[in-house]
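The values are calculated or read from the model by the stated rules, or taken from the named source; none is laboratory data. As the structure is a computational prediction, the values presented were derived from the model and not from experiment. Because the Cβ atoms are built from the backbone with ideal geometry, glycine has one as well, and the counts that use them run over all protein chains shown. Accessible surface areas use protein heavy atoms only, side chains included; no ligands, DNA or RNA. Shrake-Rupley method; radii C 1.70, N 1.55, O 1.52, S 1.80 Å.
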Amino acid sequence: DLRIAKNRRFASDTFAVDAQEDWFGFYSPELRRGALHLAPRSQMRGQKFFSWGFDDYGLGQARKMGIGGHGYMEFQAGILETQFEFLHLEAGGEYVCDEMWFPFHEMGNISHANEFFALSHEPAALRMTASRKFRDLLVSITGSDGAEMETTFDQVVPGATLALRVPPDFNPDAYSVRVVS
């Protein structure tokens, strides 16, 4: 499973071709933190992961960069889907993109994100973090059977991990979330 950094034994890069979401990112289970990149797919189609790998060569490259004995992994976005494509930009031309980086911690793998919130779900658990401050936030979770649970927060600060109440027999593959501020 190359989604796990340590499984990348050799230097490699991976491009997400035909990705549908406006976000992608990484998560370190050991550190329980990660980051998301958000940008409209119409502006930034490129989503890339790169690693020097976790063999002797890759760990040596990481040491040369001052990272110590840890592996090196990066992710980046771009206007083209892969680095095998190119565009010609006329002199004086420009390309403008709206993008955002969104750190998170203690969340698990992210299942949905937008410019305001990131959600993580596991069986019987749903977590949320916000990218900015909110006051008087209402979060309503509706299960596929129509059961609804609400959680209210007087104040939400960026980066705080919030545990949400979920309906009985919560199925993480069949729910909807409504957030009202």
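So the values come out like this:
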{"quantity": "Approximate spin-label separation F116-E150, in nm, with each point projected 7 Å along Cα-to-Cβ", "calculated": "1.6"}
{"quantity": "Proximal charge balance of D154 [Cβ under 15 Å; K/R count +1, D/E count -1]", "calculated": "0"}
{"quantity": "Fraction of accessible area attributable to carbon and sulfur, region 37-156 (%, probe 1.4 Å)", "calculated": "52"}
{"quantity": "Other-chain or far-sequence residues with amide H under 5 Å of F24's (modelled H)", "calculated": "H37"}
{"quantity": "Accessible surface of Y175 - all protein chains present, 1.4 Å probe, nearest 10 Å²", "calculated": "60"}
{"quantity": "Pair A35, F50: separation of 7 Å Cα→Cβ label points (nm)", "calculated": "1.4"}
{"quantity": "Anchor K6: lysines whose Cα lies under 23 Å away (excluding residues fewer than 8 positions away in-chain)", "calculated": "K48, K64"}
{"quantity": "Cα centre as origin, Lys/Arg/Asp/Glu Cβ charges: region 119-181 dipole, Debye", "calculated": "400"}
{"quantity": "Contour minus Cα-Cα distance for R178 and K133 (0.36 nm per residue)", "calculated": "14.5 nm"}
{"quantity": "Expected 222 nm ellipticity per residue - DSSP helices of 4 or more, -39500 (n - 2.57), all of the chain, to 500", "calculated": "-1500 deg cm²/dmol"}
{"quantity": "Cβ-defined net charge surrounding P168, 15 Å radius [Lys, Arg +1; Asp, Glu -1]", "calculated": "-3"}
{"quantity": "In Å², nearest 10: area of E90 left accessible to a 1.4 Å probe", "calculated": "120"}
{"quantity": "Positive-pole candidate from F153, F170, F104, dipole of region 100-176, charges at beta carbon", "calculated": "F104"}
{"quantity": "Other-chain or far-sequence residues with amide H under 5 Å of G159's (modelled H)", "calculated": "A130"}
{"quantity": "Total formal charge among the other residues, if their Cβ is under 14 angstrom from that of D145, Lys/Arg +1 and Asp/Glu -1", "calculated": "-3"}
{"quantity": "By accessible area with a 1.4 Å probe, ligands and nucleic acids excluded, highest first: order of V156, V96", "calculated": "V96, V156"}
{"quantity": "Largest-first ordering by accessible area, 1.4 Å probe, given options I4, I110, I67, I141", "calculated": "I4, I67, I110, I141"}
{"quantity": "Quarter of the Cα convex hull surface for the chain, i.e. its orientation-mean projected area (nm²)", "calculated": "13.3"}
{"quantity": "Size of electric dipole in the chain: Cβ of Lys, Arg +1 and of Asp, Glu -1, about Cα centre, debye, nearest 20", "calculated": "640"}
{"quantity": "By accessible area with a 1.4 Å probe, ligands and nucleic acids excluded, highest first: order of M73, M149", "calculated": "M73, M149"}
{"quantity": "The chain - accessible surface per residue (Å², probe 1.4 Å)", "calculated": "61"}
